[in-house]
Structure formats: C-alpha cells, structure tokens
Amino acid sequence: NAGVTQTPKFQVLKTGQSMTLQCAQDMNHEYMSWYRQDPGMGLRLIHYSVGAGITDQGEVPNGYNVSRSTTEDFPLRLLSAAPSQTSVYFCASSFQVNTEAFFGQGTRLTVV
Amino acid sequence: GEDVEQSLFLSVREGDSSVINCTYTDSSSTYLYWYKQEPGAGLQLLTYIFSNMDMKQDQRLTVLLNKKDKHLSLRIADTQTGDSAIYFCAESIDNQGGKLIFGQGTELSVKP
C-alpha cells in the first residue's frame, strides 16, 4: 500500500519556468489537498479538492493551478515560477473531511 | 480569520515530560489535531480530540482542550530522544469543507 506518493522529491526551476508537481493516492480517498511549508510559518493550504471534478482555493492559491480529473490524482501546476515559491510542498489525502489526513513525503522546490 | 499559534521551540531532558501548547481562534472546529514531522519526512497524525471532549489519553500522550480559552496542549510523558521532531497543532474549519489550519510548529529537542 503506497499511500500518498509525490514526485519529484527535489526540483530546481528558473524564474518563469512552469512545472507540475504530481500527487497520487491509492486509498480511494475523496479529499485531497496541497500545502506549502515555509520556516516559522507552518503549513499553508494552497488548493483542495473534496472529490473528482471539484477543486477550491485555500489560503495561498496565487500562482498555482490544480485539477482533479480522477479520484487518485491531484497535480499542482506552477504557471510561471517565482523565487517566492521556493518551499517544501506537501500533498495530503483523507477519506473525507474531518478524518485523518495522510501526507506525502514532500517536494523540495527551489526557484532561482 | 482563522489562526493557530504555537511557540517555536521546546527543549527537555530525556525522561522528563514535555508540554506543547497551542491556541486557536475558530470556535466552530469539530476536531483538533496533533501531527508530528520528523526531519525530511511528511507529517504523521499523532492524535486528535473532538471539540466536545476535555481530555484524551493515548499511552504516553495526553491532550487537554480548554474550549473557553481556545487552548490545546499535548503532553508527552517520559520523553525520549526519538520524540525529537516538529509538532504541529491543527484545527479543522467545518464551514470550509473541514480544511486544516496548521500552527507554525514547535520544534522539540530532547537532550540525553
């Protein structure tokens, strides 16, 4: 049982480049979310989805897009990378809201 | 808006008890959580408490909830060096799909 799988684990981008962070879960969870973790700021919610075809914005959505075409996958797209997006990104899933959230191992992104 | 506050650092000696404190603002939260993050890893759920409970005990962990003061604490008895990690308090926002709002995290350092 793989749980929540994020790829890549590390990435360096140049300012202005675009890329997609992948997240997949094999637990048939309806609720998925993306967070960014910055020193001294905890985790901040970027986007979330309560089921396939449904997405919504979190606290810090600017500069990011998401889609949820299947229950399993929830990719996060950076449209035009900026140094302020240097962070560690975590994907999480849960069976439904208010149940235990399972986290991926994170993607460490550096934008130069 | 919603806010969750934690102190950033705590240092204890092996065998002592650790108490990590958290305050939150949203009085409608149904669940409050404690997550643990070890270096280079994602977050793992340690324990959670329903908002209608005052206390929950789970082996070495005791969670205390004071709803009137919106204060949550996590006590770790007989703290071990393996407990060294960052501990995050989180509340779920019921009227926003149960999204999780995290505190900044408390880095627990256990000295032998």
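The values are calculated or read from the model by the stated rules, or taken from the named source; none is laboratory data. Just so you know, these numbers come straight off a predicted model, no measurement behind them. Counting neighbours? That spans all protein chains shown, and the Cβs are built from the backbone with ideal geometry, glycine included. For the accessible areas, the whole protein counts, side chains as well, though only heavy atoms, and no ligand, DNA or RNA atoms are used. Shrake-Rupley method; radii C 1.70, N 1.55, O 1.52, S 1.80 Å.
Numerical summary
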quantity	calculated
Cβ-Cβ FRET estimate between A:SER80 and B:HIS71, R0 fixed at 41 Å, reported to 0.05	0.45
Calculated diffusion of segment A:30-112, Stokes-Einstein form, Kirkwood radius summed over Cα pairs, 37 °C and 0.692 mPa s, µm²/s	253 µm²/s
Along principal axes, Cα extents of the protein assembly as shown, largest first, whole Å	49, 37, 36
Partner lysines for B:LYS56 [C-alpha distance under 18 Å; skip if fewer than 8 residues away on the same chain]	B:LYS36, B:LYS67, B:LYS68, B:LYS70
Under the Karplus curve 6.51 cos²θ - 1.76 cosθ + 1.60, θ = phi - 60°, whole-Hz ³J(HN,Hα) for segment B:23-30, x wherever Gly or Pro sits	10, 9, 10, 7, 6, 8, 4, 8
Where labels lie 7 Å past Cα in the beta-carbon direction, separation of B:ASP54 and A:THR70 in nm	5.0 nm
Relative contact order (%) - criterion: Cα under 8 Å, at least six apart; region: chain A	36 percent
Surrounding net charge for B:ARG75, when Lys and Arg each add one and Asp and Glu each subtract one, Cβ distance under 15 Å	-2
Ordering of B:65-73, B:8-16 by burial proxy (mean other Cβ atoms within 10 Å per residue, highest first)	B:65-73, B:8-16
Environment charge at B:THR62 (Cβ cut-off 10 Å; Lys +1, Arg +1, Asp -1, Glu -1)	+2
Local electrostatic count at A:LEU78 - Lys and Arg +1, Asp and Glu -1, tallied over other residues with Cβ under 13 Å	+3
Whole-Hz couplings from phi, Karplus 6.51/-1.76/1.60, listed for segment A:43-52; x for Gly and Pro	9, 10, 6, 8, 9, 9, 9, 9, x, 4
Taking the convex hull of Cα positions in segment B:1-40, its mean projected area over all directions (nm²)	4.4 nm²
Probe 1.4 Å, all protein chains present, accessible-area order of B:ILE86, A:ILE46, largest first	B:ILE86, A:ILE46
10 Å Cβ neighbours from other chains, averaged over peptide A:41-53	3
Over chain B, relative contact order from alpha-carbon pairs under 8 Å, at least 6 apart, %	38 percent
For A:98-105, mean number of other protein chain Cβ atoms within 10 Å	6
